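Beneath this line is the structure, given in structure tokens, with notes to follow.
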Amino acid sequence: MRDVELLMPAGNLEKLEYAIKYGANAVYLGTIDFSLRAMRKGEIITLDNLKTAINLAHKLGAKAYLTLNIFAFNEDISLLEKSIDKLNESNPDAVIVSDFGIINLIKKYMPKTPLHISTQTNTLNYENVKFWRDYGASRVILARELAIKDIAEIRSKVPDIELESFIHGSQCVSFSGRCLLSDYFTDGERKANHGNCSQPCRWSYKLVESTRPNEFYEINQDERGSHILSPKDLCLVEHLKDLIDAGIDSLKVEGRTKSLYYVSAVAKTYRNALDELKINPDADMHKYFIELQKVGNRGYTTGFALGKNKPDSYSYNISKGLAGADFLFEFHGINGQYYLVKIKNKVHLNDEIEIITPSEQFITKITEIKNKDGAEQPLGNTNDELYLKFETAPIDYKYALARTIGVKEYVSKA
């Protein structure tokens, strides 16, 4: 089976590094002003450190694509013109764009940089793909609303351009993410297409009859209300072979605002799945679907990939993603047989846990817990920095992460 690109989100510098270490061939990243996902935590990517971020990706052997995919107003165009030299100097492997004004500026000031056409352009047919090819694009990121059979037809009619498709992560209730709900509900303060969506599709709603303004009715019988606009998360790990056979060149995971654990665990799972398919194209991918239940999700769906979307593709009773395993701690250092960790969820002495690294995955036991002064403790609480000793320790701890074992029963099945 041919090689395809695994493209992971890089919400900040740390996530960029972990995503690549855990298996990404490429990352996509954006600055606050011009990206559809505005990160606010960690060492965020700005105009000042953009070159550093892209250089890091290149040093680690991966490509880095710069997202400039907002729908631009006049002030955005003016700001972009002032920033274009720094963007050009950062040397991205491509620029992801959707706005014709921004495209014109990139073609004018960054003519050697490949153009990747954003999913925001709602590209659904081969004539549209031909248009972008003839306009100078090297890749089109297809709309999420396409079935795999339609992707195959596009590839057969337009063989001379790269095709990218989303395979995992959150989905918008709107058409290819072009949504104004957030703008309306926040009086324009949280613009979805300027990287600051308040996600009103995840809110709980009740029904009001116009002549009874103070009487609220449940749309769905649930004490938390009904999340009628909230789609389940996309998960196509069991259909990777079909996507590759259809002609996809790059498999994209959504999630620049997701956690470090999410990015690492998802990258590892898809990397392992793709590597196994290269050896055995008929391999059963269901075990990887189980693995992906260990990260936060609103229940999984195949979306439009197998044909028309179905009613059960919507999560009617939850808005926040629930993880099948709890992220327990990150590894920050080593002192003899003891590992310095940052606790994310409470752990106890003698707990059995699962450790993952870019090259390992195993179950072990916490045999000792000590604070920085060397005093033994029975447990570690959230945000504590402690020294832990394990029954079996990772060979390379630098990028290691720990979580609970198995999958909790409440996680929805596709």
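The values are calculated or read from the model by the stated rules, or taken from the named source; none is laboratory data. Note that this is a predicted model, so its numbers are computed, not measured. Reconstructed Cβ throughout: ideal geometry from the backbone, glycine too, with neighbour counts over all protein chains shown. The area values use the complete protein model at the heavy-atom level, side chains included, leaving out ligands, DNA and RNA. Shrake-Rupley method; radii C 1.70, N 1.55, O 1.52, S 1.80 Å.
Data for the structure
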quantity	calculated
Heavy atoms of Tyr28 accessible to a 1.4 Å probe, total area in Å² rounded to 10	10
In sequence order, calculated HN-Hα J values of region 141-156 (Karplus, 6.51, -1.76, 1.60; Hz; x Gly/Pro)	8, 5, 5, 5, 7, 8, 7, 4, 5, 6, 4, 4, 5, 4, 4, 5
Inter-part distance where region 57-122 and region 330-360 are each reduced to a Cα centre, Å	39
Nearest-10 value in Å² for the accessible area of Cys172, using the 1.4 Å probe	60
Exposure rank, largest accessible area first [Met285, Met1; 1.4 Å]	Met1, Met285
Which of Glu14, Glu376 is most accessible, then next, and so on - probe 1.4 Å	Glu376, Glu14
Volume per residue that the Cα convex hull of region 319-414 spans, once the total is divided by residue count, Å³	110
For Asn297, residues with placed amide H under 5 Å, excluding near neighbours	Leu322, Ala323
Dipole axis of region 39-86 (+1 Lys, Arg; -1 Asp, Glu on Cβ), positive-most option in Ser78, Ile44, Asn55	Asn55
Accessible area of Ile44 in the full protein assembly, 1.4 Å probe (Å², nearest 10)	40
Calculated on alpha-carbon atoms, Rg and Dmax of region 1-144 in Å	14.7, 47
Estimated FRET transfer efficiency (Glu276, Leu306; beta-carbon r; R0 22 Å; 0.05)	0.50
Pairwise FRET efficiency - Ala283 versus Asp3, Cβ, R0 = 22 Å, nearest 0.05	0.85
Size-normalised alpha-carbon gyration radius of region 53-138, reference 2.2 N^0.38 Å	1.11
